[in-house]
Structures are given as C-alpha cells and as structure tokens.
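What follows is one structure encoded as structure tokens, with my remarks underneath.
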Amino acid sequence: VSSRGHGGGEAWPPHTACSAGGLEVLYQSCDPLQDFGLSIDQCSKHLQSNLNIRFGVILKEDIRELFLDIALVMKGSYVLNFSYPICEEDLPKFSFCGRRKGEQLFYAGPVANLGLDIPEGKYQVLLKLYNENRATVACANATVTCS
Amino acid sequence: VSSRGHGGGEAWPPHTACSAGGLEVLYQSCDPLQDFGLSIDQCSKHLQSNLNIRFGVILKEDIRELFLDIALVMKGSYVLNFSYPICEEDLPKFSFCGRRKGEQLFYAGPVANLGLDIPEGKYQVLLKLYNENRATVACANATVTCS
Amino acid sequence: ASCEAIASSDRMCTEREVNRTYSCGHLGLSELPDTLPNSTEVLEFSFNFLPVIQNTTFGRLLNLTFLDLTRCQINWIREDTFQSHHQLSTLVLTANPLIFLTERAFSGPKSLRHLSLIQTGITSLEFLPVHNLDNLESLYLGSNRISSIQLPRDFPTEKLQILDFQNNAIHYLSRDETSSLHQATNLSLNLNGNDIRGIEPGAFRSTVFGSLNFGGSLDVSLILRGLQNSTVQSLWLGSFVDTDDQHLSRATLEGLCGMSVHSLSLQKHHFSELSSATFQCFSGLQELDLTATHLAELPAGIETMNSLKKLVLSANKFEDLCQIQAANFPSLTHLHLKGNMKRLHLGVGCLEKLENLRELDLSHNDIEEDCCNQQLQNLSHLQSLNLSYNEPLGLQTEAFKACPRLELLDLAFTHLRVRVPESPFQNLPFLRVLNLSHCLLDLSNQQLLDGLPSLRHLNLQGNHFADGSIPQANPLQTVRTLETLILASCALSSIHQEAFRGLETLSHVDLSHNSLTSTSIEALSHLKGIYLNVATNSISLISPRVLRILSQQSTINLSYNPLDCSCSNIQFLTWCKENMPKLEDTEEMRCATPPSLRGARISDVTVSCGITAVGLFLLI
Amino acid sequence: ASCEAIASSDRMCTEREVNRTYSCGHLGLSELPDTLPNSTEVLEFSFNFLPVIQNTTFGRLLNLTFLDLTRCQINWIREDTFQSHHQLSTLVLTANPLIFLTERAFSGPKSLRHLSLIQTGITSLEFLPVHNLDNLESLYLGSNRISSIQLPRDFPTEKLQILDFQNNAIHYLSRDETSSLHQATNLSLNLNGNDIRGIEPGAFRSTVFGSLNFGGSLDVSLILRGLQNSTVQSLWLGSFVDTDDQHLSRATLEGLCGMSVHSLSLQKHHFSELSSATFQCFSGLQELDLTATHLAELPAGIETMNSLKKLVLSANKFEDLCQIQAANFPSLTHLHLKGNMKRLHLGVGCLEKLENLRELDLSHNDIEEDCCNQQLQNLSHLQSLNLSYNEPLGLQTEAFKACPRLELLDLAFTHLRVRVPESPFQNLPFLRVLNLSHCLLDLSNQQLLDGLPSLRHLNLQGNHFADGSIPQANPLQTVRTLETLILASCALSSIHQEAFRGLETLSHVDLSHNSLTSTSIEALSHLKGIYLNVATNSISLISPRVLRILSQQSTINLSYNPLDCSCSNIQFLTWCKENMPKLEDTEEMRCATPPSLRGARISDVTVSCGITAVGLFLLI
Ligand SMILES: [Cu+2]
C-alpha cells in the first residue's frame, strides 16, 4: 500500500530523524518499494551510550534473522564499514525478531551505541537492513551534520 | 474501504448465517455503504436460550447507544415489531458499547433470546442497528426458512 | 436546515453550514474536492483514501478547526501536513493504519485540543510524538495494542482531561506508569475492556480523578486495593453480558474504605452473602448504581448510606418496591428503578421515608395497578416522575396529589384507565411537561387537562380523537400556557379551525403522521414564527389562504405529502422555491401528481405556467 | 535460474519456475494478470489490492498449492473463494484487515495445512471458522489482539504442530483454555512477546510440547510453576534488549524439578547468587543455552549436569576458558561460546574433561594467542572447530594435532601467523571443510595445504596471491580431492593456465570480485559441468576458445563485467542468447562498450552483424 501512487522513478521525501544539540540527521529511504520512519531521541553531538530511537516500517520480508550494515562516507570515500547483527537464529536480540513479511514493525527503545562525541563535519551514512536471505528490509541514505 | 469498487446500484451478496437442524438463515445487507458478517452457532429450529453469534462490521457511527429493531414479515405483512436496546447510556450491556466511528467491531458471544421452537415456514426478517442519533449502523434483510 | 450538494468529480460533499461545515464521508475521495470553499472550518472527510497526507492535502483550508479523517487508509503523516492550520483544534485519525508519526507530525496548530488515534495499530505510547501537544485535553487511544499506560517522557499532561485506553492490552499498572498522570488534575481515565490483573500498591496514591472506568475487569477487589488513597469523582466497575462478572462480598468491597469515591457503578455483578455489612465501606458515596446486579431485595439496616443522594436499581428482580428498603437511604433525591426483570408491585408507602426525593423513574416495570397517591405517599418534593412503558394504570381524580410539586410527568406507552370524569392530573400547579403519548386516552373528555396552569410541553402522540377530528371544544383549550404540542400519529383527518384558539404561546406543533389536508392548517392562523411539522399527511393542494399561514411560520416540514405539481398549485410551488431555507427535509418533498411528475423532488421541478399554461417540467 | 518477465497491464509478475511458480508482489494489482498460466501452483501475490476475494478472483488457477496474499487490503473473503482449489495447502493472509470470516471461508481445499492470519486484527479466536481445517498443521496468529488462547469449540487440533501467538495480548492461561491443546501431540506453541502474568495450576499437566516459547515474559518462576507435570522438548524463556530481564535464583528455577525439559534457553537473564545450587533442578536437561546471561564464571561442583550434551555460553563475559568449569559437564558433545564480551583467554587444558566433545565454537571472541594443541588438549573426538573472527592467532606445525578427527575447521576473518614453513594444518586426515577466508595468509607457501587428504571444501576468499596471480606451482595443487574452491576477492588479475591442473573433482569455483579477464578462464579447461562464478571481474571480450570452456559448464555467473557488445564479441553474444537458462543474474549482465550500448542488458541487445556489419541494436 505504501507504494501506491508512488510512481517508479520518484524518490522518497527526505525526513529529519533528529535536529538538536549541534547534530542534524536527515535521511531518505533508498528502497524503491517503501519509505520508513525513524527518529532519534536525545539528539546531541555528544552521543549518549544509552541512545533511544523510534523506528516504524512495514516488513517486506520475514526477519527470522536481521542485519544492519552501516557505511560511513566522507568526501566521497568510504571511511568505515560496519555490520551489526540484530536478530540471529541463536541470538534474537530484540523482541521483534521472528516477525513475518507484511507485519508492521514499530520499535521504540535503546540501540547499541558506542557513546562517542561526533567530530564536526558532514557525513553521508548508508544504512541497510537485510534478512537471512540478504533481501532488503529497509535502506537509507542519511546525512549527518555536526556543528 | 469496504464500499470501494462497489458501484452505487449493486446489491450486497446474500450470505448464509446458518444452515442446519431444519433452519436456514440467509441475510443481505441493506446498508448502501457496507456489508457485514454474521453467523449463528448451534443452528436449529429449536432455538436454544443460550444462542451464540459471531458478528463483524466496520462502525460507520459512534455507538455510545445502540438499538436493534427487528420486524418479522410473513406473506408480506408485519407480524411482529420488536426493539431491543443493546447499549444505553445508563446500561451499556456489552463490552463494545462506546466504540467509535471507524472502529472494527467483532463480537462473538451470547445474545438474549427467548429459547423457542420456530414454527415451520418462511419468514422475512428486517433487522436494523442504529445509534443514539438514529443513524444506521447495520441493516439486513434476512430470510428464515424452517422446515 | 437545508442541504445543498456541491459536486466534485461526480462525488458530492454535503454542506451542513454554508461556507463552514462540510461532510465528505464515504465518497472514495483521494483528494480535497475543488468545490470545498477555503473558508471551511469543520470538515468530516471520513472513509476516503489518503495513504499519505502532507502540506498540500488540506493546505488551502486555513481555517480548519475540526478535521475528521476516520478510516482514510492513512499510512504516513508528513511533518508539514498541518503546518498552516493554526486554528485546528480537533483531529480524528481513527482507524488509519499509521506506520510512523514523526516528532513534528502535529506541529502547526496553535492549540490542538482533541486527538483521536483509536485503532491506529499503536503498540506503545512511544509512538506518540511529544511536540506541540501542550494544549491537549482529550486523547483517544482505544482499540490499539497498548500494554503500558506510560506516556513518553516530556509528554504534556497539564491540560489533559480525557485519556481513553478502551479495549487495549493493559493488564498491569505500576507506579512508574501512573506517575506521568499526577500532573493532570481531574483526569477521566478510561480503561474499559482491559482486564486489569494487577496494580502496584500506591500506584494511585494521592491522585485525583474525574472519572475512572475499569469496566470488564475481572477482579473488583484488586482494583479497589490498587486505588488506595486516591480520590475519584466517578468510578465505573461494571461488567457486561460478554465479560465475566464477579461475586461481590463484603471482603471484595473493603478497598472502598481506603479511598474517596463520589459515584460508584457496579453494573451486572452479583452480590454474595448480601447483608448490611456488604456496604460497610459505602459511607462516602453520593451516588450508587446497582443496575442489573441480580438483586431481589436489599437488606434492611444499612447504616452507611444515610447521605446517599442518588440510587440506581434498574434491571433487577424486585417483586415489591418495599424490597428496596428505602429507609436505608433517607437522603435520596434521585431514585431510578426501571426495566425491572419482574412485574413490580408498588406497594403502599414503600418510599415514604424518601422525603427529599426529587426524581423517581419507575419506567419499563410492568406495573399494573390503581395509582398513585397511596404508592407515592409523602413524596411531597418530587419534581419528576416517570411511569412510562408500564401496563395499564388506573387513575382516580387527583391521582398525583401526593406529589404536588411535580414538574415532569411521563406516562408514555402506559395504557391509562381514567376511572373518573374529572382530570386525574388536576392540581399539579407546577407541572411543565406531560408526556401522554400512546396512553390510549379518551380525548373527548373535555376536563382531561384541567388544573395544569404551568404546562408548557404536552405530548399526545398516538392517542386518538373521536372520528379522527379535533372539534372546537376539546381538552387542549384549557392548557393556555402550552408551547410545544405533539399530535403526531393521532389518526387525525381534520382539525376544527378554532380548535387551538386559546393557545397563543405555541411555538412548536407536530401534526405529522396523520391524514390531514391543507385546510386543517387554518387552525394555526393565529400563530406566528412557530416550528410546524406536517410531514406524512395527505396534503396535496395548498390554497393562498393556507400559504399565508405557512408564510408567517419559521420552519415547516412538508415532507412525505402527496403534493400536487400541476399549475393549480403554482403559487405554492413558487413559494417553495423562494422559501427553501425555511423548509425542512426538502429531499422528501415530492410530487404525487400529475402522473408525469410523480416522485420528482419539488426542488427539481421548474415552474412555468404562463398564459399558454403548458405545465411544469422536470429539471434534472 | 533465469527470470523471464510476463507482462500484465504494464505490471510484471516474475516467473520463478516455468508454468508453476510466480511472484506478483508489490505490483498494485487488483486482479489476477491474464498472463499467469492456469497451471500456476505457487503464487506469491503479496502487497497488492484485493478488498474482496471470491470464487472469480483465483478461480482459474485450479492447481494452486501455495497462495501468499500478504497485505492485499483484504476485508472480505466470500465463502466460495477457494471452492475449486482442492490442492491448496498453504494460505498466507498476513496483514489483511479482515472484517469477518464466514464459517465456510476456507472450504474447498482437501487439505489446507498451513494458515497464516498474522496481524489481521483478530481480537478473539472465535473469529476463526472451524469448517474444513481438519488437516491444519500450522496456524500463525501473531501480532493480533488475542487475549485468550481458547480455540473455538470443535476446532480441529489433532494434526496441529505449530500454533503461533507471538506478540498478542495473552496474559493469563487457564486450564479451560489449555484443554483444547491436549489433543495436539508434540505441539510447538509460541507465546513470545505476550508477557504472561499468570498460569492456572495444572494448566499444562500431562501435556507434551515439541517446543514452548515464552520469550519476553517477565516472570520465569511463574512460567515454570505453571508448567508443572508437563513435558517440553524445547523451552525458550529468554529475554530481549527491549524487554525487562529477571534475576534468576535457585528459587526462581525450582519449578524445573516438576517438569521434563530436554532443551532450555535462558537468554539475556541475570543470575543472582549463582552457585551450584542454582542448577539443582537442571538434571534432566540435555541442552542448556545461557547466551548473554552476564556470566563471568560458572561455579565449580555442579553435580546436576553430568549428562548435559549441549551447552551454549555465548555473549557472556568470561576472561578465561577455565571459568566455564568444564568439569561440570563431562558428557558435553557441543560447546558454543562465541561473541564473548571480553577478550577470551583459552588457557591450558581448560576443556580437557570434555572427552566427548564433537563441536566447539569459539568464534568472535577476540582470542589472540599461539594455538592450539595446548588449549585443546584431550579433545580427541572433536569434529568441528570454529575459531573464526578472532584476533591474530599464531600457528605452529601440526597446530591441531590434539584434534585428529577434525572434519571442519573455520578460521575465517582471523589473522593467522604461520610461524613455520610446514603446514599448520598437517595431519588432519578427516578434514573436509577448511575456511581460511580473510586470514591474511601467505599463499606463496607451497606446503600450506599439505596433508589434508579428505579436503572437499576450501575457502580462500580475501587472501592475496603474490602479484595478483596464481602461478602454476601453488598450494592448491596438493589438495586433489577439492570440490568447492572459493577464490573470491583475492585481488587476482591472472591465473596460470595450469594452476588447477591436478584438481579434477572441482564442481563449484567462485572467482568473483577479482580483476580477471577471460583468458584466466582457460585454467578451467579440463573441468566440465561445474558452477562457475566470475561475477565482478574485468571480462570484456570472450574468445571462441574460452567460450568452448564456458559451454561445457552447467551454470555461469558473468554479471557485473564490462562486457563488449560490439561485433567483435558476436559469438559470445549469440551464445548468451541461446544459453540464458545457464546464466545466472542476467539482469546484471550489461554492455560496457561500445558507448552507444553502455549499460544495456545483454538480454535486451539484438545481434545483427551480417556482411554489412552495421553493429548491434538495442531492443526495448
Ligand atoms: Cu484500501
């Protein structure tokens, strides 16, 4: 449904995940089929170790297993690639692990985080959530501006 | 939504509410905007006093108060008119009383009933559920055949 | 009010109030119709199709105060959607499958006061944005999958008056969760249909509620223990046909001693081992509702309810009114006992201790006896008496003399057997409202309504006059103070021109569902500016004389009459066209003759009776 | 498999298996495309728009066995919808807003075995029809608003194997409710995400479960008490990051004594007052999962787990492997300890009591030491060892001599420091699988893979050969039994023609993500019928000689290569057209040259190099 009326070529609109404390995070879904919702609480360039997010999406795929790949790009080149397992067969970290294709997923709660100060600058972050078959669950291009 | 693709003039399809034990109850929604679902358990011409039904509908209106009018027609003339209050301000009989316009309502449970044997024959029953403003919540033409 | 339709790609919104209020429900719209004026303030746009709403969706309706978007398939609300709607005060989003709400989803309105998020798939209150809800007064969250009432951090509760969690999955209330509610004063919290299984001790300590609804919860004693040290204006602990009820005992209700409750309902529960001790903790109550609690009698000697003001004992199974042991409740001002499951006998003087009683409702009780002075002994302050929907009552002269201060008397659908030639209602100097609808009265009795010097409102619906006619001499002539007169469904075929002569203050006359022709309207020739309902009669032609009488009234309902649309009636038809705003239910003002125009709406007919007298034409 | 597109009003279903399996998801379809063949058996039709389904909707697909209608906006399923689908075995209705299901909604199929009604708005199991579900094996009811697991009277449970209530509002389990499950033998019951607050004593007496999942429930001891006298193959009582965990003590776990459990998971809880007594009721267990239970050590002297076969201790915070007190578990065959939160020191002989150990997983543990004979002392029966994702390991000659029966060795992403010229893997006569991907190995060492006479599967992904080239003499020549060889991402630019000469049994070769041109493929000329992946290389022109080699293989992936689409490559292009079924990922086989065809799919290019040699044309 979310894709209804969204003709192929059109991009999803950019959203603000957070904007405060010298930190602005904008994102845009790069999944051609759907948009998703994200907001980050306690937005600040001094990232707290206890970071809470809100995240809402329709699952296009089962998520018996779910992984998050993060790539940090600065001035056009990859600075950091990071892969984080969220749901694994033998370690389903979150209560939503095991949800099925079609279900609505809303998560509000903590995310693992290093608790660091973000250096000033503008970063591109590519995020991709995918399942055990490497099928995309959500995908985002984010711009992080720290001033 | 339920009315989408349902062009004005078309009638809703007839449904079977129950068919067993010498009793058949067919019904058809007479609300131009929507259909509804109904089934009667323990279908029998010897109506038990403990009759259970299942009923599903989208509420077009608030039901702070809800009334059921039943008219029994035989050979074209009214035999019986009966009005039964379901939700009243000072006596909300059912747990769904107070639900709001737009909500989905599914009820499975007992209905007040006289516990009688239905005489053989074919009856037309007109049922109308309406709220405190006499706005129709559901409406049905039913045919009861007892053999 | 008239209803003008405005078209939009062949789907029509309905105008409820010019330039202000529009209904566009159930039209399958996927955008705002161009024909809706920019000035629209109240918009009902439910049951349409708007998967994404954004600033362009309602952008031009800058004056919106009320927006109902029930079941519009809304998945996404973009953050700028209501950016320009500074006046928006009520937003209804019921039954939309919302995927996510951004922090700024409700930014824009200067004072958003009422928000409905019923059945939007919410699983956690963290779904709610916090931004720009500082003025929120009502928040409806029913029929979601919420399991904790804990509001998000910083959620503004200062102005919150209604918080409705009906029909969610809340089963436990902890102190942490309830602490966010302490700032709201006099909150109405609705937890109906949540089957509460546990409350942390102290969760409601020192909290003041306007109302608390725990309807359908299985364990009344658990709720009461959980409410220790709280103050609740109105506490609803009832059960339903489709939920389990509980056997209430003295122990179950002990928790009431540790809290302050003004009004309590225990609808549909059972009492076990009922005795005066059951009510030991009821002394603080002002109002008690024991509807359908399977009571056959109340114990005598209850000493804790000396100050109870209102008692509701409806839908129980008393046999005799004395079984309510009225002496237990000497301060009662309101007693409601209706819909008793057995035929109720009124007895003699069963209520005589209720000297302060103002309102008594004994309707729907199958009462069949000679009434009412013996039964209502000592109720000298009674102002309102409802005996409607009972079996035949026999009435003597001055049948209500015991209650000289009666202002309202309702006898609707109760067959009255007036056993004397004089009026049974005589000497009720303060009676203002008398409902005698469907009482099978003999209306030829000229004295029927004697002695009612203050009567304003008289309902005689469903009673029949002899020969279907109101003669010049009739019982109405004696009630000269009447303002509202209902004579609907009285099988009338004519009214004498002088029948209402003495009634100078009438402002509302309902003559609908009779067989009257237009000449009967002449009986109203002395009245001006009234509301007149003559729907469903036999009015066909309307003479210039009658038209003059209609012209001087304020609102007229002429629907469902066999109106003539030939040139014989041209003056009336022309008048209609010019007086649409004054006419009610014009949709159903239709032509019966000539055959070519049968069924056509008066509003669709074009008048054209020149010298050539060709007739009238239907204009589609 | 190839992917042919079939068109339907400009929306395309994807053919997965000719005439049998089709995917039509996310196409906004409101009816079945005409192009779907009547023979379709498996239909994925999710994320479309079908508010009402009835017998005409899928009527002509009489052979349907699997139908996925996830999120199709289905409100109504008419009673004759599946009347002609006798073969239908799986029906997925996830995320449809069903208003009502008639008693006969699922009639038709002779054996409907799997039914998903996840997130369909169900509030009560009475919503389920009973008719024609006698063969039901799996019933998925997750993410609804169900508060009681009581199935409707007469609901057939004889064949039920999976009953999934994930993420509902079930908080209490009574004997009445569970009694309907007694007929199902070996049921898997999933109550994950239901926060169970109460279980009636005896509710599960004498019930045998295949698996029971109470994940996210707050009170482990309550669950265990509720399960008295039951038999459970696999019991999952874990917690999550986003749900509260519990402090487990000896008392909490006492309930285990009264039931029979084969396998238990307590993921993410805490232990308080951990001692050998904590485990007093664990004697019946065969498998125990203590993943992420914040353990720094296990107590010594646990006597109740003598017969435990499998122990999972992943994601804890041991410092030293000896802290797991392996002597407590003398019968262990499987030990998994991966993702330790601290750097794990392997110690010396910490596992020496585990003589029966078959499988050991120590991956993701930050291990950094010289390995492995001392550490793995006495594990002479070990068959599977996982040391992947650790820090640099130093390896001596015959580094795994302590485990002579190893069949699988995984060292992926662990930097290996081979300290001797001989092979550290020598003398592993049973080793079948060796994963050395991303180990930063020196592949010029000819002896690296000596002494592995049974090796079938070798992964060298991400390791680099000197000069980006595999010479004729290379360590692969010694492993002549290889079937699968992964050389992806090895920065290869060439392979000597004779590099794989001795490898006659290869059946799967992955050379993707290198910089190879087509000539390197000549190294495979002696192989037939293999799967060959050369995706993401630098292959442009393919000579007739190489084409002959490709022709003799069974599946080839050539995607993401800069293919030349000029007439120089005409033979290859023609071959492609004729061999589509053999080619993998043809969507991404695109032209790089000539510039006019850059980016075009090979499958869209039309070959036309006659005498006039005009070139190739893009066919849309
Ligand atoms: Cu829809």
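Per residue of D:76-84, what is the mean number of Cβ atoms on other protein chains within 10 angstrom of that residue's Cβ?
2
Can you check what the net charge comes to around C:L393, using other residues whose Cβ is under 14 Å from the Cβ of C:L393 (Lys, Arg +1; Asp, Glu -1)?
-3
Quick one: which of D:217-225, B:92-100 comes out on top by average Cβ neighbours within 10 Å, and what's the full order, highest first?
The most tightly packed comes first, giving B:92-100, D:217-225.
Can you list, shortest first and in nm, the gaps between the label point of D:M12 and those of its counterparts in the other copies, using a point 7 Å from Cα in the C-beta direction?
Label-point separations across copies, in nm and ascending: 4.7.
Round to a whole angstrom and tell me the spacing of the C-alpha centers of segment D:194-244 and segment A:42-89.
Between the Cα centre of segment D:194-244 and that of segment A:42-89, the gap is 32 Å.
For D:E319, go 7 angstrom from Cα along the Cα-to-Cβ vector, then report the distances to that same point in the other copies in nm, smallest first.
Result for D:E319, in nm, nearest copy first: 8.5.
Starting from the Cα coordinates of chain C, work out the convex hull volume and express it per residue in Å³.
168 Å³
Enter the mean number of other protein chain beta carbons within 10 Å of the beta carbon of each residue in B:57-64, as an integer.
Mean inter-chain Cβ contacts per residue within 10 Å come to 3.
Test of understanding: ordering D:K353, C:K342 by Cβ neighbours within 10 Å, fewest first, what list do you get?
C:K342, D:K353
How many angstrom lie between the Cα centre of segment D:555-575 and the Cα centre of segment D:14-67?
Each part reduced to its Cα centre gives a spacing of 35 Å.
Closest beta-carbon to the D-to-C rotation axis: which chain D residue owns it, and what is the separation in whole Å?
Closest Cβ on chain D to the axis mapping it onto C, in Å: D:A169, 2.
Apply the Karplus curve 6.51 cos²θ - 1.76 cosθ + 1.60, θ = phi - 60°, to the phi angles in segment D:152-157 and return the couplings in whole Hz, x for Gly and Pro.
Rounded to whole hertz, the list is x, 3, 6, 5, x, 10.
What's the extension gain from D:V208 to D:S469 if we count 0.36 nm per residue and subtract their Cα-Cα distance?
That pair, D:V208 and D:S469, stretches by 87.9 nm at full extension.
With the cut-off at 25 Å, tell me which of the pairs A:K45/D:K317; B:K45/B:K128; A:K101/D:K342; A:K101/D:K582; A:K101/B:K101; D:K528/D:K582 have Cα atoms farther apart than that.
A:K45/D:K317; A:K101/D:K342; A:K101/D:K582; A:K101/B:K101
Antiparallel DSSP bridges in the protein assembly as shown: what percent, to the nearest 5?
40 percent
Inter-copy label distances at D:S515, 7 Å along the Cα→beta-carbon direction, one decimal in nm, shortest first?
10.6
So for the pair B:I70, B:L127, with labels modelled 7 Å out along Cα→Cβ, what separation do we get in nm?
0.9 nm
How would you rank C:398-405, C:550-557, highest first, on the average number of other Cβ atoms within 10 Å across their residues?
C:398-405, C:550-557
Rounded to the nearest Å, what's the spacing between the alpha carbon centres of segment D:248-285 and segment D:363-432? Just the number, please.
Spelled out, the Cα-based centre of one part sits 34 Å from the other.
From the square roots a ≥ b ≥ c of the eigenvalues of the alpha-carbon gyration tensor of segment A:15-146, which class results: rounded (a/c under 1.5), prolate (a/b over b/c), or oblate?
It comes out prolate by the Cα gyration axes.
Taking D:K159 as the anchor, which aspartates and glutamates have their alpha carbon closer than 16 Å to its alpha carbon, excluding any fewer than eight residues away along the same chain?
D:D134, D:E137
Order of D:424-432, B:35-43 by packing, highest average Cβ count within 10 Å first?
B:35-43, D:424-432
Hey, got a sec? Which trypsin sites (Lys or Arg not before Pro) in segment C:108-182 land in a DSSP loop and have at most 14 other Cβ atoms within 10 Å?
Within segment C:108-182, the qualifying trypsin sites (Lys or Arg not before Pro) (loop, at most 14 other Cβ atoms within 10 Å) are C:K110, C:R153.
Among residues other than D:V312 whose Cβ falls under 14 Å from its Cβ, what is the net charge (Lys/Arg +1, Asp/Glu -1)?
-3
Shape call for segment C:542-590 from the C-alpha gyration tensor, a ≥ b ≥ c root eigenvalues: rounded (a/c under 1.5), prolate (a/b greater than b/c) or oblate?
Cα axes put segment C:542-590 in the oblate bin.
For C:S111 and D:V241, FRET efficiency with R0 = 35 Å and r from the beta-carbon atoms, rounded to 0.05?
Working from the Cβ atoms, E equals 0.35.
If eta is 0.692 mPa s and T is 37 °C, what Stokes-Einstein diffusion coefficient results for the protein assembly as shown, Kirkwood Rh from Cα pairs, in µm²/s?
The calculation lands on 85 µm²/s.
Give me the net charge for the shell around C:L573: Cβ to Cβ below 13 angstrom, other residues only, Lys and Arg +1, Asp and Glu -1.
Charge balance in the 13 Å sphere: 0.
Would you mind getting me the FRET efficiency between C:C257 and C:Q161? Use the beta-carbon distance for r and R0 = 25 Å, nearest 0.05.
That pair, C:C257 with C:Q161, gives E of 0.30.
Tell me the mean residue ellipticity at 222 nm calculated for chain D from its helices only (DSSP H runs of n ≥ 4, each -39500 (n - 2.57), averaged over every residue, nearest 500).
-1000 deg cm²/dmol
Work out the mean other chain Cβ neighbour count within 10 Å for the residues of D:99-111 and drop it here as an integer.
4
Can you figure out the FRET efficiency of D:D366 with C:Q83, using R₀ = 56 Å and their beta-carbon distance, to the nearest 0.05?
With a Förster radius of 56 Å, E is 0.65.
Quick check: pseudo-label points 7 Å beyond the Cα along Cα→Cβ at D:E303 and D:D604, how many nm apart are they?
Roughly 7.6 nm, to one decimal.
Bear in mind these aren't lab numbers, they're just calculated from the coordinates by the rules spelled out. Because the structure is a prediction, the values reported are computed rather than measured. We place every Cβ from the backbone using ideal geometry, glycine too, and count neighbours over all the protein chains shown.
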